[in-house]
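Notes follow once the structure below has been shown.
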Amino acid sequence: MKRILFVALGLTMACNSSQKTVSKQAVEPLENVDPFSYAETITESELKEHLYIYASDEFEGRDTGTPGQKKAVEYIKAEYVKMGIPAAKEDGNYYQDVPLTINKLPTGGISINGKEYANGEGILSFTQAMGNYDQIVYVNHGIEDENYSDYTGLDVAGKIVLMKAGEPVDAQGNYLVSGTTEKSVWSNMSESIGKRMELAQDKGALGVIYFDTDNYGRFKNRYNHMKANDSGRMGLKADNNENFFYLLVDSSIANALLPNILEENSSKTIATQLVLNIESSNEDVQSENVVAIIEGSEKPNEYIVISSHLDHVGVNKEGEIFNGADDDGSGTVGMIEIAQAFKAAADAGHGPKRSIVFLHVTAEEKGLLGSRYYTDHDPIFPLSETVANLNIDMIGRIDPKRTGDRNYIYLIGADKLSTELHDISEAVNQKYMNIELDYTYNDDNDPNRFYYRSDHYNFAKHNIPIIFYFNGTHDDYHRPGDTPDKINYDLLENRTRLVFLTAWELANRDARIVVDKAAK
């Protein structure tokens, strides 16, 4: 597939190159407007100009809550002000405050029937856990679903629960939750932890002791990194329930609490002397999402949200700056250019029928916190009226593991909730861009689990259809080498145009897309 060459239109240029506008003529019906003329306002040169600033050393890696991150939000805000695109909030503030807290790595340990275990040695806790208990409740896998529950007949309010990873199967090897040989989300290595903790907390449990051999090694690496760097775990202050905790344990601790736990499949109350003496301290962090909007002309109360994360991982102890040009400087500057294209259309009388929300989220690298704050705690616009989310996270490089045409993009999630969204995405690309759409990482069994690892997921879990645009990882991923000189600006231009054109179609269709599948 050849690289696509575009013929430049005769567009009127303002003195500032980021302020291109389309000259106003007699306004045509929107159905007769070719959106590609506006897509062409998205150019390599402007993307490059933005990114060499945004991913420069001056921004110090944009780590959440740092002066570099403050420079990042100021830069983004200034661009929307310059373009004349208003803030999304009614008070005119482009910033949505996202209150965060850092839980310092706890010290101490636990005692089981008089035997001491230190945090980090067979037990991992990232939050405080205190108290004396003479019993715990074993809830097997800690699952409650339409077809199965480990909590039947149990009252866990005010108690500590013990559970293990996985999900139950019958004698024929069928999973009881799905009723088939297919595993459910409860077997997912990452997402099932949150589901289990949320369920236990909803049932009034004080805390969870979770036995999971696969995740223990992952979390042990995180624990060791935090200990070596004297750091902590960042989270949303709104989620910070000091009375709830979970401990991840290895087989030695799990079997000390319940011998032969892997063979025990019945929920029960266990008499034991459990002393928790794990202490921690918290430090508040202030950070911000940046949110702007172009209001729809016909359906202003329906919203297309375009998102990217504005943060990166900062500076290491050796003083090396992690510029994050691809992750996610590429998505950030792409969004600014998409906003410019929509504004040019609006200024020419071709504004979108539905509202376009430009959501730059913070703390993605800390656990998708900025987007989770928007969806779970303070959605500026109703989630029920949010038609779709197009999320851009790393679109400026080439995956070295991939073979084939360089003019590609990985698409993830388009068909997870809406068959119609997938079909629209394909049709728009075929009509305008002819980029190779690679669905490698869209596979439900993909071990990378990218569908769950960027900000779109916080929309998807609320049954909002999403598309995640992604170029894949590379050797500079989360390293100092992710610099703007390594970006493929022709590809960044093509991919950004594709997002704009897809958003245009979603915004201007007569009917909003149909959600015909359930969130996983």
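No lab work stands behind these numbers, since they all come straight from the coordinates. From a predicted model like this one, the values you see are computed outputs, not experimental measurements. Using ideal geometry, Cβ is built from the backbone for each residue, glycine included, and neighbour counts are taken over all protein chains shown.
Values computed for the structure shown
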quantity: Within the chain, percent of DSSP bridges classed antiparallel, to nearest 5; calculated: 60 percent
quantity: Charge context of Ser297, other residues only, Cβ under 11 angstrom, K/R +1, D/E -1; calculated: +1
quantity: Cα-based reach from Lys486 at 20 Å (exclusive), listing lysines while leaving out same-chain residues under 8 positions away; calculated: Lys48, Lys401
quantity: Region 143-224: radius of gyration over Cα atoms, expressed as a fraction of 2.2 N^0.38 Å; calculated: 1.16
quantity: The chain, helix-only ellipticity at 222 nm - DSSP H runs n ≥ 4, -39,500 (n - 2.57), divided by all residues, nearest 500; calculated: -7000 deg cm²/dmol
quantity: Cα gyration tensor of region 383-489 - equivalent ellipsoid semi-axes, whole Å, descending; calculated: 24, 17, 13
quantity: 14 Å Cα-Cα reach of Lys71 towards aspartates and glutamates, excluding residues that sit fewer than 8 places from it in its own chain; calculated: Asp57, Glu58, Glu60, Asp63, Glu79, Glu288, Asp311
quantity: Cα-based Rg of region 171-279 normalised by 2.2 N^0.38 Å, two decimals; calculated: 1.23
quantity: Cβ-based net charge around Asp516, under 13 Å, with every Lys or Arg adding one and every Asp or Glu removing one; calculated: 0
quantity: Check: region 374-520 dipole with +1 on Lys, Arg Cβ and -1 on Asp, Glu Cβ, in debye; calculated: 100 debye
quantity: Set of aspartates and glutamates near Lys517 by C-alpha distance (under 15 Å), chain-local residues within fewer than 8 positions excluded; calculated: Asp415, Glu420, Asp423, Asp444
quantity: In sequence order, calculated HN-Hα J values of region 34-44 (Karplus, 6.51, -1.76, 1.60; Hz; x Gly/Pro); calculated: 8, x, 5, 4, 7, 4, 6, 6, 8, 10, 3
quantity: Cα-centre dipole for region 106-279 with unit charges at Cβ (Lys and Arg positive, Asp and Glu negative), debye to 20; calculated: 460 debye
quantity: Least to most buried among Val177, Val499 (fewest other Cβ within 10 Å first); calculated: Val177, Val499
quantity: Loop-resident sites, region 21-126, for trypsin sites (Lys or Arg not before Pro), counting at most 12 other Cβ within 10 Å (DSSP); calculated: Lys24
quantity: Sorted by Cβ neighbour density within 10 Å, fewest at the top, the residues His141, His360; calculated: His141, His360
quantity: Cα extents of the chain along the three principal axes, largest first (Å); calculated: 81, 52, 48
quantity: Spatially close lysines, pair count over region 106-279: Cα under 25 Å, gap of eight or more or interchain; calculated: 25
quantity: Charged-residue dipole, Cβ positions (Lys, Arg, Asp, Glu), the chain about Cα centre, Debye nearest 20; calculated: 200 debye
quantity: Paired Rg and Dmax values of region 319-365, which use every Cα atom, in angstrom; calculated: 14.5, 49
quantity: Under the Karplus curve 6.51 cos²θ - 1.76 cosθ + 1.60, θ = phi - 60°, whole-Hz ³J(HN,Hα) for region 371-385, x wherever Gly or Pro sits; calculated: 5, 5, 5, 5, 7, 9, 10, 8, x, 5, 10, x, 5, 5, 10
quantity: Ascending count of other beta-carbon atoms within 10 Å, so fewest first, for Val357, Val249; calculated: Val357, Val249
quantity: Vicinal HN-Hα couplings computed from phi for region 69-76 (Karplus, 6.51 cos²θ - 1.76 cosθ + 1.60; Hz; Gly/Pro x); calculated: 5, 5, 5, 5, 5, 5, 5, 4
quantity: Cα-derived Rg over Rh, computed across region 448-520 with Rh taken as Kirkwood radius; calculated: 1.04
quantity: Given charges at Cβ of Lys, Arg, Asp, Glu: the chain dipole, positive-most of Val185, Ile278, Tyr439; calculated: Ile278
